Amino acid sequence: MSERILNVQDMTMDFGGLRAVNHVNITMDRGEIIALIGPNGAGKTTFFNCVTGVYTPTGGDVFINPPGEDERSIKGQKPSRIATQGLARTFQNIRLFGNMTVLENVMIGRHSRLKAGIAGALLRNRKTREEEEQVIHDSYEILKRIGLEQYVNDLARNLPYGAQRRLEIARALATEPFMLLLDEPAAGMNPQETKNLESLIKRIRDTENVSIFLIEHDMSLVMSLSERIYVMDYGKLIATGSPEEVKNNPDVIKAYLGEEVSA
Amino acid sequence: MSFQEIKRTLGVALWFVFLTFPIMVIRVNQVDMTIQWRWYNMFYVGIGTFVGGLIWRFALARRKTPGKPAPAATTKTDTNETPADSAGGGSIKDRFARLWGTVTQQKYRRPIYAAGLVLLLAFPILSSLYQTSIMITALIYVMLALGLNIVIGLGGMLHLGYIAFFAVGAYTYGILYKFFGIGFWVALPLGAILATLAGVLLALPVIRLRGDYLAIVTLGFAEIVRIVFNNLTPITGGPQGIGGIPRPSLFGIDMNLSAATTYTYYIIVAAVALTIFVVWRFENSRLGRALVAMGEDDIAAEAMGIDITRTKVIAFALGSFWAGLGGVIFASRTTFINPASFTVWQSVIVLSCVVLGGMGSIPGVIVGALGLILIPEYLRAFSDYRMLMFGAILVTMMVFRPGGLIQKKRKAYTFQADAGEASS
Ligand SMILES: Nc1ncnc2c1ncn2[C@@H]1O[C@H](COP(=O)(O)OP(=O)(O)OP(=O)(O)O)[C@@H](O)[C@H]1O
Ligand SMILES: [Mg+2]
């Protein structure tokens, strides 16, 4: 009963003379956890940016298939429109709204699911008030699920590092995505935090009905979480397969460890 | 304070004496073409800079090594700082914080607001025509600062051309009166609407610009608007401007200057009240939050589904609306407008009100605007050095209180432990 939800076809991204993503094909099924790995500068973040609309890829196409809707191309759409269709992401270099509270950060995630416009804001009619109360309530519930409720009124920038990474995930979940793209969620975390993150990601997939696309350098996390792994080097996919297959692939070992070791 | 630092300060003082030598010491008497040497000024500058420099260094040193950790330096007190948190200390800062905490307590809040309101409403009765007229100017700037605060304080967009929309409002009234004899009350909404449209017009091309680039383009826009008004002589009267603009009318009653001023005063008070109400509601709404998020990080905001184009246009439109409204009131108050009233310098003053008062904070912006407009009026005696003092205050503020006089506090919510019921 596997159902394709992401289909990236022949994606290419050029920055002037530099080809950061080179004819990449990646697919994802509903309910999967997959990972994209590769050495620094391989083009992983650029790939995410192309999928989420930060950049328009110079070649290829991106199709998504949100639950209960038709498959469609999202290439060239604005990031806000792509997010509204159910693709949420986190950033490699944490991008929280630092001077807003933790709760407000999550409330921003709810933005695209709410309706109130200028008139509602000024008149503050009943519908708007109810919507406001609902969003506060929902956001707090999300914080509880991620285990951040103790920070609810703190400014995001004052949170410990690990909590900031989790807040990014909470904020992304608030957009009600069907697919979550995590760019190095464990970066800078200590082993304990990484372990908690691992169970959090599993729980999100199992209980929130969200498929997960992971970029990560922490190999033990990648190996234990992902069902399939894509390996990228110099913008090109060099291997695909189960964690076991990828681990033993000579091309992958060569890309990570350099020429001489592979012999 | 070390000897080293005193020596340094002395060096700075001497350097200042040297720099200000041409303006402070030499004076050319144009009439009998002689040069006056005002040596005593050199002495004053030297002593003044030296003492000021010492105080400056002392304050800086205190700031770096506070007696005990200041509340702001610890992590968790920023949003939910209650009076109790800062109580108990002995330093001036702590005592002030405690006093402030008491004053802003819930039970004192209403009486204080009520007293403020009564004072505001009785002001024209209690004071002279001159005072009322200054107050009108100050309140116009409060309105401008509140409007600009939407763009800069909430949206984080460095907008240096705000005064152009003020000009659009003022000229709307001026031109409509000159050619069609249209009165204040019809011009008021028209001026605001035209300014809003101008805001949208400016927002669309600058959507993709950030920071310095946005600042330069908006600055250029304001200059273009001013120069157009300056050169469109048949319509705007060119540099001579438009005169004889009528004061606000009240059912066609003839009013003397004093009554008209009082009337204008109440109009601007009402307009400011409306501004505060709208800005406050907007700020605490879904769109207001989106604007703040965009100001914090536009890439993250977009990734959360916020349409940046729409949000920016709304911010510019809503911000410009108040400038237009203020512009019409300004024209009716001065009864005369010309391009000289709408220079970049005016934009900078409004910007300073926002930055000085506290970006994003409504009370801060109000205090900032009142302070910046009223203080120089009462410092007319020092008129030669007003700009100098202006600069000094700005620099001091940026160093010692970069968040402004009254910093924005984010709203805090309380939740019952398990139910998750919200109240605020
Ligand atoms: N906006 C840009 N303009 C020009 N070059 C870029 C841009 N963004 C990324 N690149 C280049 O594209 C290549 C891939 O970068 P990318 O950030 O995607 O790597 P990455 O795989 O995420 O690396 P890391 O593991 O260090 O995060 C790099 O050579 C980078 O310098
Ligand atoms: Mg990266």
Looking at residue B:267, is it assigned to a helix (DSSP H, G or I) and more than 14 Å from chain A (Cβ to nearest Cβ)? yes
Restricting the search to region A:24-47, which residues are more than 16 Å from ligand 2 (Cβ to nearest atom) and farther than 14 Å from residue A:231 by Cβ? A:27, A:28, A:29, A:30, A:31, A:32, A:33
If you go through A:221, A:182, the only one that is within 16 Å of ligand 2 (Cβ to nearest atom) and within 14 Å of another protein chain (Cβ to nearest Cβ) is A:182
Given the conditions (1) assigned to a helix (DSSP H, G or I); (2) within 24 Å of residue B:188 (Cβ to Cβ); (3) at pLDDT below 90, report the number of the one that residue B:212 does not fulfil. (2)
Could you tell me which of the residues A:103, A:122 is without any contact (Cβ under 8 Å) to a residue 40 or more places away in the chain, at the interface with another protein chain (Cβ under 7 Å from one of its Cβ atoms) and closer than 30 Å to residue B:274 by Cα? A:122
Could you list, in sequence order, all residues of region A:48-59 that are more than 16 Å from ligand 2 (Cβ to nearest atom) and either in a loop (DSSP other than H, G, I, E, B) or of a type in the set (Val, Ile, Thr) (or both)? A:53, A:56, A:57, A:58
Considering each of A:72, A:110, A:129 in turn, give the residue that is touching a helix residue (DSSP H, G or I) at 6+ places or on another chain (Cβ under 7 Å), away from ligand 2 (no atom under 16 Å from the Cβ), of a type in the set (Lys, Arg) and at pLDDT below 95. A:110
Entirely in region A:205-252, the strands (runs of 3 or more DSSP E) that have 3 or more residues that are under 15 Å from the mean Cα position of the chain (by Cα), surrounded by 20 or more Cβ atoms within 10 Å (Cβ to Cβ) and assigned by TED's automatic domain parsing to the domain that holds residue A:50: A:211-215
For region A:31-53, pairs from a residue that is within 14 Å of another protein chain (Cβ to nearest Cβ) and at pLDDT 95 or above to a residue that is near ligand 2 (Cβ under 9 Å from one of its atoms) and outside any helix (DSSP H, G or I), with Cβ under 6 Å and 6 or more apart or across chains, are A:45/A:92; A:45/A:183; A:48/A:183
Name every residue in region A:157-184 that is within 16 Å of ligand 1 (Cβ to nearest atom) and touching a strand residue (DSSP E or B) at 6+ places or on another chain (Cβ under 7 Å), in order of residue number. A:181, A:182, A:183, A:184
Here's a check for you: in region A:140-155, which residue that is facing chain B (nearest Cβ under 9 Å) and in contact (Cβ under 8 Å) with a residue 24 or more places away in the chain is nearest to the chain's Cα centre (by Cα)? A:140
Would you check if residue B:284 is within 14 Å of chain A (Cβ to nearest Cβ), over 21 Å from residue B:191 (Cβ atoms) and surrounded by fewer than 15 Cβ atoms within 10 Å (Cβ to Cβ)? yes
Taking residue B:295 and the conditions (1) modelled with pLDDT under 95; (2) more than 10 Å from chain A (Cβ to nearest Cβ), which numbered condition does it fall short on, given that it satisfies the others? (2)
Residue ID - nearest to residue B:298 (Cα to Cα), chosen from residues in region B:205-223 that are surrounded by fewer than 12 Cβ atoms within 10 Å (Cβ to Cβ) and more than 21 Å from the chain's Cα centre (by Cα): B:208
Residue in region A:60-79 that is within 16 Å of ligand 1 (Cβ to nearest atom), surrounded by fewer than 18 Cβ atoms within 10 Å (Cβ to Cβ) and assigned to a loop (DSSP other than H, G, I, E, B) present: no
First in region B:393-407 and in contact (Cβ under 8 Å) with a residue 24 or more places away in the chain, second anywhere and part of a loop (DSSP other than H, G, I, E, B) and polar (S, T, N, Q), Cβ under 8 Å, 6 or more apart: B:404/B:361; B:406/B:361; B:407/B:361
When you check residue B:343 against the structure, is it at positive phi, more than 14 Å from every other protein chain (Cβ to nearest Cβ) and touching a residue at least 24 places away in the same chain (Cβ under 8 Å), yes or no? no
Of these, B:344, B:365, B:328, which one is closer than 30 Å to residue B:234 by Cα and buried (at least 21 other Cβ atoms within 10 Å of the Cβ)? B:328
Here is a check on your reading of the model: is residue B:315 within 14 Å of chain A (Cβ to nearest Cβ) and assigned to a helix (DSSP H, G or I)? yes
Among the residues of region B:342-395, count how many are farther than 26 Å from residue B:52 by Cα and aromatic (Phe, Trp, Tyr). 2
I need the full set of residues from region A:185-204 which are within 16 Å of ligand 1 (Cβ to nearest atom) and surrounded by fewer than 18 Cβ atoms within 10 Å (Cβ to Cβ), in order please. A:187, A:188
When you scan region B:178-193, do you find a residue that is closer than 23 Å to residue B:264 by Cβ, assigned to a helix (DSSP H, G or I), in the same structural domain as residue B:331 (by TED's automatic domain parsing) and in contact with a strand residue (DSSP E or B) (Cβ under 7 Å, 6 or more places away or on another chain), even just one? yes
In the set A:11, A:28, the lone residue that is assigned to a strand (DSSP E or B) and within 14 Å of ligand 1 (Cβ to nearest atom) is A:11
Could you list all residues from region B:1-34 that are modelled with pLDDT under 85 and of a type in the set (A, V, I, L, M)? B:1, B:23, B:24, B:25, B:26, B:28, B:31, B:33
Kindly evaluate residue A:20 against the criterion of being aliphatic (A, V, I, L, M), assigned by TED's automatic domain parsing to the domain that holds residue A:241 and within 7 Å of ligand 1 (Cβ to nearest atom). yes
Please go through region B:9-19 and give me each residue that is in contact (Cβ under 8 Å) with a residue 24 or more places away in the chain and not polar (S, T, N, Q), ordered by number. B:10, B:12, B:13, B:14, B:16, B:17
So, in region B:23-58, exactly how many residues are of a type in the set (D, E, K, R) and either in a helix (DSSP H, G or I) or under 30 Å from the mean Cα position of the chain (by Cα) (or both)? 1
In this structure, is residue A:41 within 12 Å of ligand 1 (Cβ to nearest atom), assigned to a loop (DSSP other than H, G, I, E, B) and not aliphatic (A, V, I, L, M)? yes
Please state which of the following conditions residue B:279 fails to meet, knowing it meets all the rest: (1) away from every other protein chain (no Cβ under 14 Å); (2) assigned to a helix (DSSP H, G or I). (1)
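The values are calculated or read from the model by the stated rules, or taken from the named source; none is laboratory data. In this text the structure is predicted, and so the values were computed from the model without any measurement. Reconstructed Cβ throughout: ideal geometry from the backbone, glycine too, with neighbour counts over all protein chains shown.
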